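Trainee: Handing you this structure, nothing more for now.
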Amino acid sequence: MTIRPKELPNLEDLSAAELRSLVVSLLETVAQLKARVAALTEENAQLKGLKGRPNLKPSGMEKGTDPLPAASGKTDRPQRRRNPPKSARLIVDEDRVVPLSPQPGWRFKGFKVYTVQDLVIETRVVRYWRPCYRTPEGRLVIAPLPAEVTGHFGANLVRYLLTQHYQCRVTMPLLQHQLNDLGILISAGQISNLLTKGHDAFHAEKAALKRAGLETARWISVDDTGARHLGINGVTTQIGDDRFTSFDTVAAKSRLMFLMTLRGGFQDYVINAAALIYLHEQDAPEILIERLTAHDDRVFADEDAWTDHLIALGITGAKAVRLASEAAVAGSLDHHGLLQDAVIVSDGAGQFDVFRHGLCWIHAERLIHRLVPVTEEHRAAVALVRHLIWWLYRDLKLYRADPASRAKAGLRARFDRLFGRTTGFADLDAALARLKLRKAELLVALERPEVPLNTNSSEQDVRDPVTIRKISGSTRSEDGRRCRDTFLSLKKTCQKNAISFWAYLGDRLGITAHGIAPLPDLIRQRAAPKPV
């Protein structure tokens, strides 16, 4: 079959203005085709294992809109050190006086302190001699091991392995090689067991800190990244705010899976007011809502009970089952007091658009940053729009720092003028119109100044699972997947609460007595009071 090209108009009949318009439209089409060809070329290179083209540089909107520092009145005089030296924060384990024989006539003028930091790595092998006795009844009695002995490898070694693997990203083969060089005789399988088994207390604390965070959060920032488990592609979802971080690896990316991730350890499905509100927000059919509300049963213990209930109600269509399940999980979240009146800030991915949603300005501005103008007029239009967006973003940051009700109307009016303008560049106008439809999500900080304007914290958090995925690859057991999520969550939460992960592990493993409070308690203590 021969495809005939679209017939062009008779160029001789066109005016100069019409010819210019035709040339501009053709150049836009060529630019779009070039972008499409570049994307396909990059995809083809990735499939062939070749090096792809470099990514676009970040727009720099966040740093470029930071307020300028106030004049500090600097002079040519040397400034005194305001912060104490690092050596003042050290805990000194030993003091040594350097010998010096004074000569006649010398006067003692005190000491000059010189601090040296060092690290002692010591291999210790303890052999326990356990007395054995035979009772008159013939029973053999063996002296029990001390309570701190739980296996053939001590708690210090476990602490070192957890820190090296989950914080320093050292792979298991390298850990085995390192330990063998230090005189520790240990197999790769035993290292895997120490890293992934027997950590129920850590799993419980991770689940508790996630629940505490979601119960007290005024906002959360979310993101996800690809993951591989048992050789199958999956998704690692990040949830957190400035007090906690939780990672959860699931099999697929969907809105229902995200809601179930928020639900955490709870397995129930609940039809309540929150579930009905969710159905109305998702424009669910009235017949579906009527069937769910007509039945007396509203709480279902697990997925099996919920599935049986849907079948009994005659709800079997894929879309209807999905909407009903999403609503029931949303009802479960409300039933357990999770994410009540909290804002979810995301990059705009559809699976995160639930409840009260906030959109990241960095990702929004990226729609403009990635446009490919073909004429000087289009380049000027894009530059002007980006300048106006940066200006508005800077003022929103200033508003968050010092909220003023009189500024809200002005910021909303500027938003309407900016995203309602017509530039003559079709792609730019379409992007502006698309962003204008999401006004409520972009301006959520006007009503809730505590909500961040971007997902930078999530972008930083999610780098950890991305880096470990690139270094160590996929997880090969449920214990490995669960431990990776748990220890990355604990490490990031410790970091956000200014706690040393090394000290935290020592405290939890009974090696040291730092007195680190349970992380859920710290998260609740740092929770901002909700307005009455």
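The values are calculated or read from the model by the stated rules, or taken from the named source; none is laboratory data. Treat the numbers as computed from the prediction; the structure is a model and nothing was measured. Note that each Cβ is placed from the backbone with ideal geometry, even for glycine, and that neighbours are counted across all protein chains shown. For the accessible areas, the whole protein counts, side chains as well, though only heavy atoms, and no ligand, DNA or RNA atoms are used. Shrake-Rupley method; radii C 1.70, N 1.55, O 1.52, S 1.80 Å.
Trainee: Can you figure out the FRET efficiency of residue 218 with residue 178, using R₀ = 56 Å and their beta-carbon distance, to the nearest 0.05?
Mentor: That gives a FRET efficiency of 0.80.
Trainee: Now for a different question. With every protein chain in place, what's the accessible area of residue 216 (1.4 Å probe, Å², nearest 10)?
Mentor: Estimated to the nearest 10 Å², residue 216 gives 30 Å².
Trainee: Keeping the other protein chains in place, figure out the carbon and sulfur percent of the accessible area of the chain, with a 1.4 Å probe. Kindly include the intermediate steps, with their values, before the conclusion.
Mentor: Working: 18270 of 33510 Å².
Roughly 55 percent, rounded to a whole number.
Trainee: Evaluated at 20 °C with a viscosity of 1.002 mPa s, what Stokes-Einstein diffusion coefficient in µm²/s does region 202-256 have when Rh comes from the Kirkwood expression over alpha-carbon pairs?
Mentor: The estimated diffusion coefficient comes to 176 µm²/s.
Trainee: Moving on. Using alpha-carbon pairs under 8 Å, 6+ residues apart, how would you state the relative contact order of the chain in percent?
Mentor: Numbers: 542 pairs, mean separation 106.5, N = 532.
After rounding, I find 20 percent.
Trainee: In addition: What is the P(r) of region 117-191, as percent of Cα-Cα pairs per 5 Å bin from 0?
Mentor: So the P(r) values, bin by bin, are 3, 11, 19, 19, 14, 10, 8, 6, 5, 3, 1, 0.
Trainee: Output the pairs from 470/496; 63/206; 253/470 with a Cα-Cα distance over 22 Å in this structure; if there are none, say none.
Mentor: 470/496; 63/206
Trainee: Same structure, new question: Could you tell me how far the Cα centroid of region 80-128 sits from the Cα centroid of region 180-236, in Å?
Mentor: Cα centres, region 180-236 to region 80-128: 39 Å.
Trainee: Now a separate question. With Kirkwood's inverse mean 1/r over C-alpha pairs for Rh, give me the Rg to Rh ratio of region 389-516, two decimals please.
Mentor: Rounded to two decimals, Rg/Rh equals 1.18.
Trainee: On average, how much accessible surface per residue is there in region 97-192, in Å², for a 1.4 Å probe, leaving out ligands, DNA and RNA?
Mentor: Working: 8360 Å² over 96 residues.
It amounts to 87 Å² per residue over region 97-192.
Trainee: For residue 34, list the aspartates and glutamates whose Cα falls under 16 Å from its own Cα; do not include residues on the same chain fewer than 8 positions away.
Mentor: Within the straight-line limit of under 16 Å, residue 34 reaches these aspartates and glutamates: 42, 43, 427.
Trainee: Over all directions, how big on average is the projection of the convex hull of the alpha-carbon atoms in region 426-492, in square nanometres? Don't jump to the answer; show the numbers that get you there.
Mentor: Values: hull surface 30.6 nm².
With every direction weighted equally, the projected area is 7.6 nm².
Trainee: Keeping all protein chains in position, work out how much accessible area residue 361 exposes to a 1.4 Å probe, and write it in Å² to the nearest 10.
Mentor: Near enough 0 Å² of accessible area.
Trainee: Residue 141 to residue 293: FRET efficiency via 1/(1 + (r/R0)^6), r the Cβ-Cβ distance, R0 56 Å, to the nearest 0.05?
Mentor: With R0 = 56 Å, the Cβ-Cβ based efficiency is 0.25.
Trainee: Run lengths n ≥ 4 of DSSP H only: what is the helix-derived mean residue ellipticity at 222 nm for the chain, with -39500 (n - 2.57) per run over all residues, to the nearest 500?
Mentor: About -14500 deg cm²/dmol.
Trainee: Averaged per residue, what accessible area in Å² does region 312-377 show with a 1.4 Å probe, protein chains only?
Mentor: 38
Trainee: Two decimals is fine: what is log10 I(q)/I(0) at q = 0.15, 0.16, 0.25 Å⁻¹ for region 259-353, from a Debye sum with one equal scatterer on every Cα and no solvent?
Mentor: Reported log10 I(q)/I(0), two decimals: -0.56, -0.63, -1.48.
Trainee: Could you work out the pair-distance distribution P(r) of the chain from its alpha-carbon pairs, with 10 angstrom bin width and percents rounded to whole numbers?
Mentor: 3, 12, 18, 21, 19, 13, 7, 4, 2, 1, 0, 0
Trainee: Over region 413-532, give the accessible area per residue in Å² for a 1.4 Å probe, as an integer.
Mentor: 48
Trainee: Bin width 5 Å, origin at 0, all Cα-Cα pairs of region 161-264: what percent of pairs per bin?
Mentor: 2, 10, 16, 17, 18, 14, 10, 6, 3, 1, 0
Trainee: Okay, moving on. Which aspartates and glutamates have a Cα less than 12 Å from the Cα of residue 408, not counting those fewer than 8 places away in the same chain?
Mentor: Excluding near neighbours in sequence, the set is 395, 447.
Trainee: Can you give me the span-like helices of the chain, meaning DSSP H runs with 18 Å or more of Cα extent along the axis and Kyte-Doolittle mean at or above 0.0?
Mentor: Span-like helices here: 16-47, 318-335.
Trainee: Grab the Cα-Cα distance for residue 107 and residue 460, subtract it from 0.36 nm times how many residues apart they are, and report the gain in nm with one decimal.
Mentor: Extra length from residue 107 to residue 460 when fully extended: 121.4 nm.
Trainee: Let me ask something else about it. In debye, nearest 20: dipole of region 157-281 around its Cα centre with unit charges on the Cβ of K, R (+) and D, E (-)?
Mentor: 140
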